[in-house]
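Only one structure is covered here, and it is reproduced in the block below.
Values quoted throughout were computed directly from the atomic coordinates according to the rules given, and no laboratory measurement underlies them. The model shown is predicted, which means the values in this text are computed figures rather than measured ones. Counting neighbours? That spans all protein chains shown, and the Cβs are built from the backbone with ideal geometry, glycine included.
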Amino acid sequence: MLDLALAIVWVLALGGITFFNQLGSIGLVDETEPLFVEAARQMTVTGNWITPYFNQMTRFDKPPLVYWLMAIGFKTIGVDEWAARLPS
């Protein structure tokens, strides 16, 4: 039983290191990724957590949970690529 728990811990640690390593090292590369990130950043700036905006136009391309998770990441970690990609 202890060996199984130790194996699970090792697999989770290796998966975490693999996933989180270099997460924010590359800038926003896709043409839509910056749009989602900016809408989430606008949520943190304006305090309007209901309606996502980009350039004063509403954005309902994704469910609001994605924007909310990015905005929470911005509030806790700061506005950068790592915090934007963490919920994805």
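Points to keep in mind about this one:
- The chain, relative contact order in percent, only Cα pairs under 8 angstrom and at least six apart counted: 29 percent
- Under Karplus coefficients 6.51, -1.76 and 1.60, residue-wise ³J(HN,Hα) of the stretch 6-21 in Hz, glycine/proline x: 5, 5, 5, 4, 5, 5, 5, 5, 5, x, x, 5, 5, 6, 7, 5
- Extending 7 Å from Cα along the Cβ direction at Asp61 and again at Leu4 yields two label points whose distance is 4.5 nm.
- Spin-label model, Leu69 to Glu81: label points 7 Å out along the Cα-to-beta-carbon direction sit 2.0 nm apart.
- Dipole in debye (nearest 20) - the chain, about Cα centre, beta carbon charges: Lys, Arg +1; Asp, Glu -1: 260 debye
- Computing Cα Rg over 2.2 N^0.38 Å directly from the structure and comparing it against (i) 1.35; (ii) 1.03; (iii) 1.65 singles out (i).
- The packing ranking, built from the mean of other Cβ atoms within 10 Å per residue, places the peptides 59-70, 36-47 in the order 36-47, 59-70, highest first.
- Annotation: amide H of Phe54 within the under-5 Å range of Arg59, sequence separation 5 or more or interchain, hydrogens built in the peptide plane.
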